[in-house]
Amino acid sequence: MIFESLAEKLQKSLNKLKGKGKLSEKDVKQVMREVKLALLEADVNFKVVKKFVNSVKERAVGHEVMESLTPGQQVIKIVNDELTKLMGEEQKKIEFAPQPPTIIMMCGLQGAGKTTTSGKLGILLKKKGKSPLLVACDIYRPAAIKQLEVVGEKADIPVFSMGDKQNPVNIAKASIEHAKKNGYDVVILDTAGRLHIDEELMDELENIKSEVNPKEILLVVDAMTGQDAVTVAESFNDKLGIDGVVLTKLDGDARGGAALSIRAVTDKPIKFVGMGEKLDQLEPFYPDRMASRILGMGDVLTLIEKAQANIDAKKAMEFEKKLKTQQFTFDDFLEQLQQMKNMGPLDQILEMIPGIGSKQLKKLKVDEKELVKIEAIIQSMTKEERQNPSIINGSRRKRIARGSGTNIQDVNRLLKQFKETKKMMKKMTNMEKAMKKGKFKFPFFR
Amino acid sequence: MFKKLFGKKNNSENNNQQTQQIEKENNTTESEENKKEGFFSRLKKGLSKTRKGITEKVDVILKSYKKIDEELFEELEEVLITADVGVNTTMRIIEDVKDKVKERKITEVEEIRELLKEELKEILTEVDENISLNIEPSPAIVLVVGVNGVGKTTTIGKLAYRLKNEGKKVLIAAGDTFRAAAIEQLTEWSNRAGVDIIAHQEGADPAAVIYDGIQAAKARKSDVLICDTAGRLHNKKNLMNELNKIFRIVEREYPEATKEVLLVVDATTGQNAVLQAKTFKEACDISGIVLTKLDGTAKGGVVLAVQSELKVPVKLVGVGEKIYDLQDFDPDNFVEAIFSE
């Protein structure tokens, strides 16, 4: 079902792959199937997915598997690297015209967020010392001009408008004159939302383009867009020759596969992303972040990389030994926490350990923000308590809570969590024993 | 009256008469010629676009195959996924079609189309509840919710116009107090539709607007109160809590009203629509979906995913920017339209 977490699914398929050495065709094929589904679920266009998957398949087969990774993880790493490459490797910025004013034309479908983005862009440029002018070219939607005026007022940026009785081409032309006369060096044209198949309105954009010759034509696209993103981007690009893309509503939880589709069909850079309704929430685009978001494995990927660098192999061995012999103490717990804090979300770290299903993890979900608290609590314990938590009675709990600035419930919760962890580790040790009989394999705890 | 209108799509003479009648009843700001041509050609245009997308491809595919094999199914899978039906729902559809092929010992490639049609209809009619707008008996309240930019305000304008033409006394409450000029936009629509509007200032508490709307609807004996709400991304906890508060006010202050909570979904939206529907259902118990912007090239296939996963029926469809560009969603017609020759 759709609501099954992707991590769960991925975990399943990654666990299927064992062994080392070079990536076999079978390894790659199995993981790529999951990758394909992940990308489709992220709304990447079907054709784009197909092409991408095939090209990566070829590249991955025969690839060396790195020491610290399982073959499955290795394939994911390759996929992610390729995705990042495809998303554009460097950040592209707004180009300014040698002769001011620099004219920026915003275009896109209805409801993509052009007006809000125009205001945000204005603020961004203003911060850079530019003097922008917003131009209301949407004469069709009720109150669109008023909306831009309100946005302009909030952003403290002047808005040029001629009401809704004038042709947008004329409005655009007049606004350039106005800008030249009044010393505005950037003109942002907020055009009406339109369907890419609406010839009349697409012609209107073309006319504005030929009349005022914008330096930047930015296509504003909703990050939630599905398969149709390809058609939309292609149409706008063919008609106008866009210079870049703004991806909006990325503060939602859509995976944003549209970004990849658009890149693939237009080869135009994504320049900004909209991260909220507030006018300062426009951010530069980070190809790597977007790639992992689309893949849906977020920080897991970061972990793959950091795991190689961060975890001290020797310490890991010691830790592992302690786990197995059940000598795991709060001191170890603290040390692990501190190491993990450098690495990212705790549950995802544990998820990387094959054999620990995400289901088991749900029982001991640790909130990121809680980590600080936990650290404080452990640090408020005496040495003896850390070594032997069973001696922590009521009055000790009270003391620990006071010392760490938390309350008794927090302390209790941690103690319980610790117990759970130990229990789980015991389970794993048992599995390990089973493994020795040849039943299981543990790629992580080699 | 509009219901009648919708039922008689083929009888164009009759339709024109009725459309003209509506025009006489309503002197709105729309130009009359525009309206006469607009309504049905748009209705058809909107549908034919959906139809083209899937049917043409299906036909091409079916023609290029002589026998039913795995490759054929893979191509059909592709068609559905490209229509935003989503991986899971697509798999389910194809699996079921495969089963039926086995069961019925089908060997003809052409019969696959009938099976696909059957399968899509099955999903769309799984929800056996009434899929027409639930506004009887009066008084009724329609709460319109959704993420940003899907067309809530426009839908409300169209809906108000439509209900007014059905002879209802309609009142609108401008519950989007957040977005710049949202109130002005809705006011303009209320003028076009010729209905009253209850509005506060930008930045006011939306729950208070809805409260006032309810009191006004009671005092004026309105048949239907349509409430706008600000667009909100479903992953914003505080905004969803705000929506829940509005929902609770409706339940508390207007218990006697027939309730309809409509989630507006943009047809260009991909799989995120399923998550949207799920979260909004939790916050305000959505009872129907309005699928907007179906006049583009987007296929709106996500409807199938939403119905399949959440059993929330699509009730209305938006096919343009004009005030009359709102139609009933008819699953039978929808599927027929998708697969008609």
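Observations, loosely collected:
- With 26 Å as the limit on Cα-Cα distance, the pairs of A:Lys51/B:Lys281; A:Lys419/B:Lys281; A:Lys26/A:Lys47 that go past it are A:Lys51/B:Lys281; A:Lys419/B:Lys281.
- Dividing the alpha-carbon radius of gyration of segment B:131-180 by the rule-of-thumb value 2.2 N^0.38 Å gives 1.22.
- Global form of segment B:248-295, assessed from the alpha-carbon gyration tensor, a/c cut-off 1.5: oblate
- Here the extension length gained between A:Glu58 and A:Asp280 equals 75.6 nm, from 0.36 nm per residue of separation less the Cα-Cα distance.
- The residues of segment A:115-163 listed by number as losing at least 20 Å² of accessible area in the complex, against the isolated chain and with a 1.4 Å probe, are A:Arg141, A:Pro142, A:Ala143, A:Lys146, A:Gln147, A:Val150, A:Lys154.
- As a fraction of the 1.4 Å probe accessible area of segment A:95-176, surface on carbon and sulfur atoms comes out at 50 percent.
- Accessible area per residue for segment B:233-341 is 30 Å², calculated with a 1.4 Å probe on protein heavy atoms, without ligands, DNA or RNA.
- Estimated inter-spin distance, A:Asp331 and A:Lys154, nm [label 7 Å along Cα→Cβ]: 5.6 nm
- Segment A:102-285 - Rg (one decimal) and Dmax (whole number), Cα, Å: 15.0, 45
- 17 Å reach of a label modelled at A:Ser24, 7 Å along Cα-to-Cβ, counting backbone N of segment A:61-86: A:61-66, A:70-75
- Full-extension gain in nm, A:Lys398 to A:Lys50, via 0.36 nm per residue minus C-alpha separation: 119.3 nm
- Pairwise Cα separations in segment B:140-330 fall into 10 Å bins from 0 onward with the following percentages, short to long: 10, 40, 38, 11, 0.
- Point-to-point label distance, B:Ser64-B:Met91, nm (Cα→Cβ direction, 7 Å offset): 2.5 nm
- Reduced Cα scattering model of segment A:16-139, Debye log10 I(q)/I(0), q = 0.17, 0.21, 0.22 Å⁻¹: -0.87, -1.15, -1.23
- Once B binds A, the 1.4 Å probe can no longer reach about 3700 Å² of accessible area, counting both sides.
- For the peptide B:84-94, the mean number of other protein chain Cβ atoms found within 10 angstrom of a residue's Cβ is 3.
- Cβ-based charge dipole, segment B:140-330, positive-most Cα from B:Asn235, B:Ala207, B:Gly296: B:Asn235
- Compactness of segment A:128-179 as Cα Rg over 2.2 N^0.38 Å, two decimals: 1.12
- Rounded accessible area per residue of segment A:102-285, 1.4 Å, Å²: 34 Å²
- Applied to segment B:212-220, the Karplus parametrisation 6.51 cos²θ - 1.76 cosθ + 1.60 on θ = phi - 60° returns per-residue 3J(HN,Hα) values of 4, x, 5, 4, 5, 4, 5, 5, 8 Hz, with x for Gly and Pro.
- For the peptide B:258-270, the mean number of other protein chain Cβ atoms found within 10 angstrom of a residue's Cβ is 4.
- Summing charges over neighbours of A:Gln227, with a neighbour being any other residue whose Cβ is under 10 Å away from its Cβ, gives -1 when K and R count +1 and D and E count -1.
- Percent RCO, i.e. relative contact order, over segment B:140-330, from Cα pairs under 8 Å lying at least 6 residues apart: 26 percent
- Taking label points 7 Å from Cα along the Cα-to-Cβ direction, A:Lys128 and B:Glu256 give a separation of 6.1 nm.
- Using a cut-off of 32 Å between Cα atoms, the listed pairs A:Lys173/B:Lys236; B:Lys278/B:Lys322; B:Lys152/B:Lys218; A:Lys126/A:Lys249 include A:Lys173/B:Lys236 as exceeding that distance.
- Pairs from the list A:Lys57/A:Lys85; A:Lys154/B:Lys293; A:Lys29/B:Lys100; A:Lys146/B:Lys158 with a Cα-Cα gap above 27 Å: A:Lys154/B:Lys293; A:Lys29/B:Lys100.
- Electrostatic dipole magnitude of segment A:102-285 [Cβ: Lys, Arg +1; Asp, Glu -1; Cα centre; debye, to 20]: 660 debye
The values are calculated or read from the model by the stated rules, or taken from the named source; none is laboratory data. Values in this document were obtained by computation on a predicted structure and should not be read as measured data. Glycine gets a Cβ as well: all are built from the backbone with ideal geometry, and neighbour counts include every protein chain shown. All accessible areas refer to the heavy atoms of the entire protein, side chains included, with ligands and DNA or RNA removed. Shrake-Rupley method; radii C 1.70, N 1.55, O 1.52, S 1.80 Å.
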